[in-house]
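**Student:** Dropping the structure in here first, questions after.
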Amino acid sequence: MRNHLSLLVVGLVCAPALAQADDTPAPAAPAAAPAPDYTLTANVSIVSQYIYRGLTQSDRNPAIQGGFDFSHKSGFYLGTWGSSISWVSDNYEKGGLTTDGTAPSAGMEWDFYGGYKGSAGDIGYDVGALQYYYPGNYPPLALGVEKPDTTEIYGALSYKWLSGKASYVVSKGLFGVGDARGSYYLDLSANYPIADTWTINAHVGYQKYTGTNASLVGTGESNSDLYTYTDWKLGITKDLGSGWSALAYYSDTNANDSAGGLDAYRDSVDPKFNKGKNLGAAQLVVGVSRSF
């Protein structure tokens, strides 16, 4: 009986304290750290070959690539990216695009870009400018041929996993073709996640050339007749964790079906230099990349 009474007294004494404890607000969670004003990231990759807009840039040989990106919380960004290449030296020499038969020493593509991007709900937007730079030594170039350095402005819209982009040439030439200002490239891409670490990648693009370079004046042909084409690709990306990813894709174009396209996009118009393979022929690419 005393034990029971003692328990009752203890319970009556403690009950108000317990009730008071239950009513005490929980301590506030620590405030989230503010977002940084900017981020600086880097990336590096090795691919079995470098394909850009459906055309091989490394003569079907492996390429090493990498870049740096600065992004401000306001949406402003700057970046640079580079890749080993061989098409400049290969094509200019084999295609007879110099006046003395020697090839430029350019073995690298070096890009600089900047712009502004943001979003409104699921809609993303991106506008900017991109400079393609091919450092090296260039001998005198043939009529109608420019240095391959190219400047484009672009605008893009995205919705969830679907995106579209238009790039417009503001430089005099486009990848070596003279009188090409006003040419443009249209890109529609889808990157659809099918699992936690797997993404299907699909793309179709249309490269339109405008103008008539000096070598075509009086021939009745234009840049568009020789160089305009469509490209497409289908592939898959695997997130390997810790910034690593692997990719594989199949790419093809109709460059060899366009008027004059077989000659325009062969890696040699003179078969004695090579087998005259089409730069836009069907290709399989595999690679691995790391972001930091």
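The values are calculated or read from the model by the stated rules, or taken from the named source; none is laboratory data. Quantities reported herein were computed from a predicted structural model and do not represent experimental measurements. Cβ: placed from backbone, ideal geometry, glycine included. Neighbour counts: every protein chain shown. With ligands, DNA and RNA removed, areas are computed over all heavy atoms of the protein, side chains included. Shrake-Rupley method; radii C 1.70, N 1.55, O 1.52, S 1.80 Å.
**Student:** Each residue of segment 284-292 in turn: what ³J(HN,Hα) in whole Hz from Karplus with 6.51, -1.76, 1.60 and θ = phi - 60°, glycine and Pro shown as x?
**Tutor:** Karplus-based 3J(HN,Hα) across segment 284-292 equals 10, 10, 10, x, 9, 9, 9, 10, 10 Hz.
**Student:** Quote the FRET efficiency, to the nearest 0.05, computed for Leu78 versus Tyr250 with a Förster distance R0 of 30 Å and r equal to the Cβ-Cβ distance.
**Tutor:** 0.35
**Student:** For a quick check of understanding: with a 1.4 angstrom probe and all protein chains in place, what accessible area in square angstrom does Glu146 have, to the nearest ten?
**Tutor:** 50 Å²
**Student:** So for the pair Ala42, Ala142, with labels modelled 7 Å out along Cα→Cβ, what separation do we get in nm?
**Tutor:** Output for this residue pair reads 4.1 nm.
**Student:** Cα gyration tensor of segment 56-207, axes a ≥ b ≥ c as square roots of the eigenvalues: rounded (a/c below 1.5), prolate (a/b > b/c) or oblate?
**Tutor:** Prolate.
**Student:** As an exercise, use a Förster radius of 22 Å and the Cβ-Cβ distance of Ser291 and Tyr206 to find the FRET efficiency, rounded to the nearest 0.05.
**Tutor:** Efficiency, rounded to the nearest 0.05: 0.15.
**Student:** When the chain is fully extended, how far beyond the present Cα-Cα distance does Val217 get from Lys172, taking 0.36 nm per residue of separation?
**Tutor:** 14.6 nm
**Student:** Something else about it: Project the alpha carbons of segment 173-225 onto their principal axes and report the range along each, largest first, in whole Å.
**Tutor:** Principal-axis extents of the Cα atoms in segment 173-225, largest first: 57, 17, 14 Å.
**Student:** Which entries of Lys160/Lys208; Lys208/Lys277; Lys165/Lys277; Lys165/Lys208; Lys73/Lys238; Lys172/Lys233 have Cα-Cα distances beyond 19 Å here?
**Tutor:** Lys160/Lys208; Lys208/Lys277; Lys165/Lys277; Lys73/Lys238; Lys172/Lys233
**Student:** Just subtract the alpha-carbon distance of Ser105 and Asp196 from 0.36 nm times their residue separation and send over the number in nm, one decimal.
**Tutor:** The span from Ser105 to Asp196 would gain 28.4 nm if fully extended.
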